[in-house]
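Data block below; observations after.
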Amino acid sequence: MSENPIPGSENPEKLTGLKQGPIKKVAAGIPAVVSALEMTVSEAGLERGMKALFNLNQKGGFDCPSCAWPDPDDERSGIAEYCENGARAVAEEATAKKLTAEFFSQHSVQELGKLSDYEIGGKGRIAEPMFLPAGGTHYQPITWDAAFEKIGTELNRLASPDEAVFYTSGRTSNEAAFLYQLFVREYGTNNLPDCSNMCHESSGTALGESLGIGKGSVTLNDFYQAEVIMILGQNPGTNHPRMLTALQKAKANGATIISINPLPETGLMGFNNPQTVLGVLGYKPGLTDIFLQVKINGDMALLKAIEVLLLEAEQKAPGSVFDQHFINQNTQGCNEFLQDLTQYNAEQLAAQAGIPFAQVQEVARVLAGKSRIIACWAMGLTQHKNAVATIKEVVNLLLLKGSIGKPGAGTCPVRGHSNVQGDRTMGIFERPTARFLDSIEKNFHFAPPRNHGYDVVECIKAMHAGEAKVFFAMGGNFLSATPDTRFTAEALQNCKLTVHVSTKLNRSHLVHGQEALILPCLGRSDKDMRNGENRFISCENSMGVIQSSRGVLQPVSEHLLSEPEIVCRLAKATLGERSKVTWDQYAADYDLIRTDIERTIPGFADYNERVRQPGGFYLPNCNRAGDFDTPTRKAHFHIAAPEKQHLKDGELMMMTIRSHDQFNTTVYGLNDRYRGIYNERRVILMNAKDMQDRNLKNGDLVDLHNHYDGVARVAHKFIVVEYPIPEQCTATYFPETNVLVPITSVAEKSNTPTSKMVVLTITPHQGF
Ligand code: SF4
C-alpha cells in the first residue's frame, strides 16, 4: 500500500464546522415529519414528492429502497406507511436534479473527487450512460449498445471468467438478482460478492449452523405477542425506524424491552409516534426497560453471565427456568454446553462486559420466568472477530428458553438493505450450494461453475493483486462501503475496467479502473414502462415476505434502463450465440423470470399469482415451523469462550456507526440530531476519562491511527466529542473511518470486516 499519507479522491478530509446540542431522549415526533417533508419537497418538489410518499410501502405501490423492515400484514397507514429515513431515501431517488453529458463535460473526475460524499450524492440522478476512456479526465456519453459491447469484449478478453468480479448491492430486485447470477454463472464464475458479506454474513453463518436456516424466524406479529424483546448491537431509531412502532405496540401488550449497546441510542430510549395524537403530544414515549451499556465486543461475556445465572436458578428449581421439553425434543449438545457454563463466574463476566452485576441479575430474573423471547440484532454483533460465536450464543439463550418456533419468540437479524435477503435467496452468493447449482444446470442446460468465488474481502485482495481485472457492480457504492479505503481504492484502480449500475453519482465512480462505465438504471420509485405496461418487480424483507413493487414516478430521463433489462442486454453482448438462456424474453416479460425462479428455488410456488396478492406472501421458514434444517434435524447448542480484549497502553477500541442523516454510504445531511451533533461528520465520540488521560478536551482536532498487521493507516482531522460511551470505547462515522478498518481483520467463518472493533491510537492533528 502506498505510503503517501495525504488522501486522494478516495477520502477527502474536509471539516464543515461542528455544532453541538443535547442528546435527544425521544426519537421521531414532529421533527421527523418536518425533516422528511423538507427533503422531499426540496429534492423532488411537492407534487412529485407527495405522489411518491403516498405510494411508498402501500399495497400495490412500491417498496422502500432503504432498510428491510417489514410492512404490516394487515392494515397499512393510509397517512404514511414509512419513516423519516424511508421518505428521505425516496426523496434522494425522486430528485428532479439530473446529470447529463453536459454536467460531466464541465466537471472532471478529479474535481468531483475532492467533494465530500454528501456533496457528491446531492448532485442528482445520472441521466445517460457515461464512459471514461483510458487516460481520460472527464466522463463522456456512450450509447447503451456501445457500453454493453465494451463490457462484453473486455469480459471475453479475460484469460478466465474468474478474473471478473460481479458485486451486488442490496437494492437489486429479485428478478434482476436471479438474472444476474444466471448470467454470471453461464459466463463461468461464482465471483458474486454482495453487501451481505459486510453486514449479516455472520448471522447467516451462525443461524445456518445452529438452526438450519440463515434467516430470522419471527414475523411482525410475533413482536405483538412477545414477553421480552432483546435488542443487541442495533440502532433502530436511525436504521430501522418503523421498528419503533412495533416495539411500542409490543410494550403496550406487556413486553419488557432490554437493549444492549455501547451507546444510549435515542431510538432505544423513547419514541414519539407522529402518527398518533398521544405520540404528537409526547405521551409516554418510553421504550427500553433495561439498558445495558456494554463495552464494545462485551456481548458474549454478558450473554454468558446471564446464562450462568439462569443455570443457577434452574438448578435451584429444575424445570422452572429452562424449557426441558423443547431442549429434549429439538436440540443437541445442551449437556456439554451447560457443563462448559459451570466454569464461569457471572460477576467476573459482567465486569468483562462492562455491566453492573445488579443489572445482569435483574435481566436474568426477567428472563427466568418468560419463554416468548425475541432477540434482535444488527451490525453491533455481526462485524466482530467472534461475531459468529456471539450470535450462536444468542441462539443458545433462546434454545434454553424454548424461544424458537412459537408465537412471540425467535430470532430477528434486522437487515439493513431493502432486498439484501432477497438477493441471497435468488442465488447471489459466492459459495452456492450444490443443490442450487444442480437446479440451475437442470433448468438452464449449462454447467455452472462449482468452485467457490470471491466474497467482498477476497475480491478486493484479488483486484489489488491483479488477479481480478474487471469489476462490475449492480448498485451500491463499493469503495465507500468497504474496509481499508486506501487499499480498496488501489484495487479498483488496478482493474482494466470498472462498471457501476447506479441511480446517482457516488465516490466509486470517481475512483475507477483504467476505463470506467456508469450505467444509469431505473429506481424503485420510477415507472418501468414496456409496451404501455408499468411492470413490477419484487423484494424480500427481513421477515421473509415477498411482495411486489411498482414505481409511480416518471423517470428523470428517457435513457434509463431497468436492472433486468441491463442484465439481459449485458448477457447477450457477452455470451452471444453460446448462451442457452432466453434473455430477450425475460427482458420483455418479467413473469417469465418469476416462472423460472419458481422452477429453480424452493418456496416460490405460484409466484406470479401470489406476488400479485396485496401484501405478497411469506417464504417457508423451518424455524418458524419449529423445525431445524440441520444435518441432524436438531438445533445445535454451541460452545465458545468470551474473548478478552487486550488493549495496549494508549490504545482504544473504535466502532464505525451511521449518523441519523445517513443510509449506508448515502449521506442525506451533516447532522446527527439524536446524538446532538450538527454540521460535521469528522467527529470521534470519546469517554470523558479517556479524553482526560490524553489531555484532550471537547473540540480538539486529532488524527486517528491503526497499525493492524504492521500497516500504518491514518485518518486525519477528527474533532473530539465527549460522549456517554464506555471507557476505552470510541465511535466514528463510516465511510470516513473505513480507511482504518484493516482488510485483513475479519470475522471468523463469515469473513466479514470487523468494522465494530478497530484498535485505535490518537494523536493531536499535525496540520496540512
Ligand atoms: S423502516 Fe426501513 S423500510 Fe420502513 S420506511 Fe423506514 S427505512 Fe423504509
note = Karplus ³J(HN,Hα) for segment 256-269 (6.51 cos²θ - 1.76 cosθ + 1.60, θ = phi - 60°; Hz, whole; x = Gly/Pro) runs 9, 9, 10, 10, 10, 6, x, 10, x, 4, 3, x, 7, 8
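Roughly how many Å² is the accessible area per residue of segment 27-93, as a whole number, for a 1.4 Å probe?
Details: 2460 Å² over 67 residues.
On a per-residue basis, 37 Å².
Give me the compactness ratio for the chain, meaning the Cα radius of gyration over 2.2 N^0.38 Å.
So the Cα radius of gyration is 0.91 times the expected 2.2 N^0.38 Å.
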remark   = Binned at 10 Å starting from 0, the alpha-carbon pair-distance distribution of segment 341-440 in whole percents comes out as 12, 30, 36, 14, 7, 1
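With n ≥ 4 as the cut-off for DSSP H runs, can you work out [θ] at 222 nm for the chain, using -39500 (n - 2.57) per run divided by the number of residues, rounded to the nearest 500? Spell out each step's value before the answer.
Values: 31 runs with 270 residues, N = 768.
One gets -10000 deg cm²/dmol as the mean residue ellipticity at 222 nm.
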task = Could you please report the charge total around ASP693, scoring K, R as +1 and D, E as -1 over all other residues with beta-carbon less than 11 angstrom from its beta-carbon?
result = -1
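With a sphere of radius 13 Å drawn around the Cβ of GLY408, what net charge do the other residues whose Cβ falls strictly inside it have (Lys, Arg +1; Asp, Glu -1)?
Working: positive: LYS249, LYS370, ARG372, LYS401, LYS406, ARG624; negative: ASP222, GLU227.
That works out to +4.
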ask   = Expressed as a whole percentage, what fraction of the accessible surface of segment 202-413 belongs to carbon and sulfur atoms when a 1.4 Å probe is rolled over the protein heavy atoms?
value = 51 percent
note = The percentage of the accessible area of segment 27-93 (probe 1.4 Å, all protein chains present) made up of carbon and sulfur atoms, to the nearest whole number, is 61 percent
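Roll a 1.4 angstrom probe over the protein heavy atoms and tell me the percent of accessible area of segment 645-764 that is carbon or sulfur. Each step should come with its number before you reach the end.
On the way: 1940 of 3910 Å².
Of the solvent-accessible surface of segment 645-764, carbon and sulfur hold 50 percent.
Taking 0.36 nm per residue of sequence separation and subtracting the Cα-Cα distance, how much length would be gained by fully extending the chain between GLU75 and GLU38, in nm to one decimal?
Working: separation 37, 0.36 × 37 = 13.32 nm, distance 2.70 nm.
Stretched fully, the GLU75-GLU38 segment lengthens by 10.6 nm.
Per residue, how much accessible area does segment 563-662 show when a 1.4 Å probe rolls over the protein heavy atoms, in square angstrom? Each step should come with its number before you reach the end.
Numbers: 4550 Å² over 100 residues.
For segment 563-662, the solvent-accessible area averages 46 Å² per residue.
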query = Roughly what would the spin-label model give for ARG365 and ASN156, points 7 Å off Cα along C-beta, in nm?
reply = 7.4 nm
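Taking the mean number of other Cβ atoms within 10 Å as a proxy for protection, how do you rank 691-698, 397-404 from highest to lowest? Working shown, then result.
Details: 691-698: 14.4, 397-404: 24.9.
The peptides rank, most packed first, as 397-404, 691-698.
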request  = Can you pull the one-decimal nm distance between simple spin-label points at GLN343 and HIS107, each 7 Å off the Cα toward Cβ?
outcome  = 5.8 nm
query = In the full protein assembly as shown, how much of LYS114 is accessible to a 1.4 Å probe, in Å² to the nearest 10?
reply = 120 Å²
task = List the extent of the Cα atoms of segment 202-413 along each of their three principal axes, largest first, rounded to whole Å.
result = 52, 34, 34
inquiry  = Over segment 55-205, what portion of Cα pair distances is larger than 24 Å, expressed as a whole percent?
reply    = 55 percent
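Local charge sum around ASN396 (other residues, Cβ-Cβ under 15 Å, Lys/Arg +1, Asp/Glu -1)? Working shown, then result.
On the way: positive: LYS304, LYS392, LYS401, LYS634; negative: GLU209, ASP299, GLU307, GLU314, ASP323, GLU336, ASP340, GLU393.
Residues close to ASN396 contribute a combined charge of -4.
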message = Highest mean first, how do 307-313, 573-579, 297-303, 32-38 rank when packing is the count of other Cβ atoms within 10 Å averaged over residues?
response = 297-303, 307-313, 32-38, 573-579
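From the C-alpha gyration tensor of segment 27-93, pull out the three semi-axes of the equivalent ellipsoid (sqrt of 5λ each), sorted largest to smallest, in whole Å.
On the way: eigenvalues 66, 37, 23 Å².
Over the Cα atoms of segment 27-93, the semi-axes work out to 18, 14, 11 Å.
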remark   = With R₀ set to 25 angstrom, the calculated FRET efficiency between the beta-carbons of ALA712 and GLU748, to the nearest 0.05, is 0.50
message = Could you check the spin-label model distance between LYS527 and ASP289? Points 7 Å from the Cα along Cα→Cβ, value in nm.
response = 5.1 nm
request  = Using a 1.4 angstrom probe, figure out how much accessible area segment 712-761 has per residue, in square angstrom, rounded to the nearest whole.
outcome  = 23 Å²
query = For segment 645-764, max minus min Cα coordinate along each principal axis, in Å, sorted largest first?
reply = 37, 34, 23
key: Amide N of segment 284-308 lying under 20 Å from the label point, which is placed 7 angstrom from the Cα of ALA252 along Cα→Cβ   = 284-289
message = Beyond a 19 Å Cα-Cα separation, which of these cross-linked pairs lie in this structure: LYS406/LYS749; LYS697/LYS756; LYS51/LYS527; LYS98/LYS504; LYS98/LYS150; LYS14/LYS295?
response = LYS406/LYS749; LYS697/LYS756; LYS98/LYS150; LYS14/LYS295
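The values are calculated or read from the model by the stated rules, or taken from the named source; none is laboratory data. Note that the coordinates shown come from a computational prediction; the quantities given were computed from them, not determined experimentally. Cβ sites come from the backbone with ideal geometry, for glycine too, and all protein chains shown count toward neighbours. Accessible surface areas use protein heavy atoms only, side chains included; no ligands, DNA or RNA. Shrake-Rupley method; radii C 1.70, N 1.55, O 1.52, S 1.80 Å.
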